[in-house]
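Read the structure below first, then the notes.
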Amino acid sequence: MKTILKKIDKNNIDMQVLEDAGEIIRRGGLVAFPTETVYGLGADALDEEAAKKTYAAKGRPSDNPLIVHITKYEDLEKIAVDIPRETAVLAERFWPGPLTMIFKKDAKVPYGTTGGLDTVAVRMPSDAIARELIRASGGFVSAPSANTSGRPSPTKAEHVMEDLAGKVDMVLDGGSVEIGLESTVLDMTVEPPMILRPGAITAGMLEEVVGMVSIDETILGAESETAPKAPGMKYRHYAPKAKLTIVEGNIREEVLAIRQLVYSAINGGKKVGIIATDETIQYYSNGIIKNVGSREDEKTIARNLFSVLREFDGEEVDEIYSESFAMRGIGNAIMNRLDKAAGHLRIPAADIVRRQRYRRIVFVSQTDTCRGPVAAELLRQKHLQQEYVIDSRGMVVLFPEPINPKVEAIMRSHGMTLEGYTSVPFSGAEIAGDILILTMDEVQKNKVLSEYGNALSVYTLNEFVGETEEVPDPYGGALNAYGLCHEKISGLIDKLTEKLNSYTEGGA
Ligand code: TXA
Ligand code: MG
């Protein structure tokens with residue numbers, strides 16, 4: 001089947017295209033279209049055969065019911081029975097919009113559409129293109145999200161084409177959707193009404209209108225014994241191809257933990273992605289980093305989440321680490337989708353952060369023009385199993401000085417360079433619980449300890465790796481003295497690498 005792709009301008013809808021699309025649906029075909037939540041795969045909701053085609057195109061289990069989309073409140077009464085009293089006020093407040101309500105179904109609605117259930121889910125979308133299409137199709141359009149079953153829901157027409165090109169008659173491209181997560185599903189057949197799927201219309205918003213609502217307890221939280229009430233919620237939906245892990249803690253811990261996890265995964269030869277935010281993105285450097293939005297405005301995260309997950313599929317990453325997001329407003333829906341995408345894989349950031357004894361290593365020498373910078377550079381070249389910020393500092397630095405030319409000559413003979421490096425004075429910024437200070441000899445160690453009474457991890461480099469002999473100071477000596485010094489440092493850095501790498505997972 002050749003899929004017709006048509007661009008539609010929301011603000012200036014080409015009615016002829018919409019009439020053609022409606023015609024396709026009335027004749028039993030499939031048309032994907034934008035809604036304010038996600039793109040839907042539209043079919044005639046009252047046609048059993050059309051429902052079968054929908055399931056086939058999505059590769060979706062046929063026990064998973066479809067939502068029937070309407071544009072007029074009167075039409076609800078044609079497909080649902082025993083409509084409870086509160087429905088009218090909910091509809092008044094939230095329709096058209098991202099709320100789906102479940103009722104007992106009228107005999108007119110085929111079991112094919114409801115996945116064999118005696119209930120029917122109904123929604124009145126607000127998107128102008130969606131509304132025109134429903135109208136042109138006869139008023140009752142079943143529409144699951146227009147993705148292949150198990151993939152993230154589509155928020156752009158390109159996503160629909162990725163999954164369904166060749167499997168549906170037409171795709172209406174109305175640009176990016178507004179909300180990005182599927183509608184809130186509210187079961188009206190129980191008292192009080194129960195949220196089966198969280199969305200942009202939150203429990204708090206519903207309660208303002210109808211008093212109490214309950215929430216299907218299987219929605220969040222890990223594996224539960226009971227099956228979710230919405231059949232679709234039991235599948236590992238929204239799943240990216242890569243293994244996704246949600247890292248939970250306060251922002252600082254999450255960033256530190258993700259940096260560490262990403263560093264180790266890359267060390268293990270993995271291609272790794274990070275789901276970061278406006279507020280945190282600058283703190284990551286390794287891996288494929290994607291900005292999902294702002295923590296200050298969860299709506300931006302909702303809008304981008306599925307798209308980001310799909311982008312990672314395109315990049316073929318093996319693992320993805322995501323920060324977690326505030327459970328306020330649409331945040332509940334965001335965390336629900338993320339949790340499902342992760343197959344409930346969530347880890348406490350604090351556990352990871354605790355595993356790393358030191359985060360930064362500072363080599364301290366007298367002038368920071370020779371031994372310290374060499375030690376730092378040699379360590380940077382090593383294969384370290386944890387991520388460290390590696391620096392050097394000098395105890396006597398009055399103004400920035402370049403690297404000693406003899407040191408540079410020796411470095412070059414080893415295929416390295418410190419060209420452009422200038423000395424930096426030691427300061428109180430180098431004192432913190434997670435900073436390891438390694439001095440070249442006792443002189444600097446004592447100086448640090450006497451100047452900074454609160455200094456904790458201060459050792460001479462040789463002492464730290466269990467050697468008795470200090471690094472000699474070659475200052476003023478011949479090139480040969482610098483060569484010997486380099487050799488000495490090199491040997492100590494080998495040992496240091498071993499020691500740091502012994503602080504592996506769970507250790508240290
Ligand atoms: O925002 C949305 O709701 C989008 C757009 C296209 O409108 N549609 C959508 O449909 O997300 P779908 O099929 O991907 O998800 C419908 C969810 C599924 O979890 C399904 O199991 C549940 O609603 N559902 C539908 N009818 C139901 C019923 N009668 N009883 C319980 N759950 C039902
Ligand atoms: Mg879906």
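The values are calculated or read from the model by the stated rules, or taken from the named source; none is laboratory data. Since this is a predicted model, take the numbers as computed values, not measurements. Neighbour counts run over all protein chains shown; Cβ positions are idealised from the backbone, glycine included. Ligands, DNA and RNA are excluded from the accessible area calculation, which covers all protein heavy atoms including side chains. Shrake-Rupley method; radii C 1.70, N 1.55, O 1.52, S 1.80 Å.
Compared with the alpha-carbon gap, the fully stretched path from Asn267 to Asp63 is longer by 69.1 nm at 0.36 nm per residue.
Distance from the Cα centroid of region 387-412 to that of region 113-184 is 61 Å (rounded to whole angstrom).
Mean sequence separation of contacting Cα pairs (under 8 Å, at least six apart), scaled by the length of the chain, corresponds to a relative contact order of 12 percent.
The calculated FRET efficiency for Glu23 paired with Arg360, based on their beta-carbon distance and R0 = 56 Å, is about 0.25. How far is helix 331-341 tilted, in degrees, relative to the longest principal axis of the Cα atoms in the chain, given as a value from 0 to 90 rounded to the nearest 10? Helix 331-341 and the main axis of the chain meet at about 80 degrees.
Where in region 90-116 does the amide nitrogen come within less than 19 Å of the point 7 Å from the Cα of Tyr73, taken along Cα to Cβ? Under cut-off, by backbone N: 90-104. Full extension of the chain between Arg380 and Val443 gives 20.2 nm of extra length, using 0.36 nm per residue less the Cα-Cα distance.
Under 1.5 on a/c is rounded, so check that first for region 271-316, then, if it is not, pick prolate when a/b is larger than b/c and oblate when it is not; a ≥ b ≥ c are the square roots of the alpha carbon gyration tensor eigenvalues. Here region 271-316 falls in the oblate category. Spin-label model, Asp297/Ile281: points 7 Å from Cα along the beta carbon direction are separated by 1.4 nm. Separation of region 270-331 and region 428-477, taken as the distance between their Cα centroids, equals 40 angstrom. With a Förster radius of 41 Å applied to the C-beta separation of Ser126 and Ala429, the computed FRET efficiency comes to 0.20.
What is the percent carbon and sulfur in the accessible area of region 360-504, measuring with a 1.4 Å probe over the protein chains and ignoring ligands? Result for region 360-504: 54 percent of the exposed heavy-atom area is carbon or sulfur. Of the residues Val81, Val292, Ile390, the one whose Cα sits farthest toward the positive end of the charge dipole of the chain, with +1 on the Cβ of Lys and Arg and -1 on the Cβ of Asp and Glu, is Val81.
Taking 18 Å as the cut-off, the amide N atoms of region 6-47 that come nearer than this to a point 7 Å along the Cα-to-beta-carbon line of Ala56 belong to 24-32, 41-47. The mean sequence distance of close C-alpha pairs (under 8 Å, at least 6 residues apart), as a share of the length of region 4-217, puts its relative contact order at 30 percent.
Computed on region 82-163, with alpha-carbon pairs under 8 angstrom and 6+ residues apart, the relative contact order is 22 percent.
Label sites at Glu401 and Val389, each approximated as a point 7 angstrom past Cα along Cα to Cβ, lie 2.6 nm apart. With helices as the sole contributors, the chain gives -10500 deg cm²/dmol at 222 nm; each DSSP H run of n ≥ 4 counts as -39500 (n - 2.57), and the sum is divided by every residue. Rounded to the nearest 20 debye, the dipole size of region 4-217 about its Cα centre is 420 debye, using +1 on the Cβ of Lys and Arg and -1 on the Cβ of Asp and Glu.
Take the Cα of Met205, go 7 Å toward its beta carbon, and the backbone nitrogen atoms of region 66-92 under 16 Å from that spot belong to 89-92. Restriction of the trypsin sites (Lys or Arg not before Pro) in region 232-327 to DSSP coil positions whose beta-carbon has at most 14 other beta-carbons within 10 angstrom yields Arg236. Here the spin labels are modelled as points 7 Å beyond Cα on the Cα-Cβ line, and at Lys243 and Leu345 they lie 0.5 nm apart. Relative to the longest principal axis of the Cα atoms of the chain, the long axis of helix 15-26 lies at roughly 70 degrees. Shape of the chain from the C-alpha gyration tensor: prolate (a/c of 1.5 or more and a/b above b/c, with a ≥ b ≥ c the square roots of its eigenvalues). DSSP assigns beta bridges within region 345-426; of those with both partners inside it, close to 10 percent run antiparallel. Could you tell me how many degrees, from 0 to 90 and to the nearest 10, lie between the Cα long axis of helix 442-451 and the main elongation axis, the longest principal axis, of the Cα atoms of the chain? So the inclination is approximately 60 degrees. Computed from point charges on the beta carbon alone (+1 for Lys and Arg, -1 for Asp and Glu), the dipole magnitude for the chain about its Cα centre is near 740 Debye. Legend: calculated FRET efficiency, Glu315 to Arg93, from the Cβ-Cβ distance at R0 = 51 Å, rounded to 0.05, equals 0.80. Kirkwood radius for region 163-207, taken over all pairs of different Cα atoms as the inverse mean of 1/r, rounds to 13.3 Å. Summing +1 for each Lys or Arg and -1 for each Asp or Glu among the other residues whose beta-carbon sits under 11 angstrom from that of Met416 gives -1.
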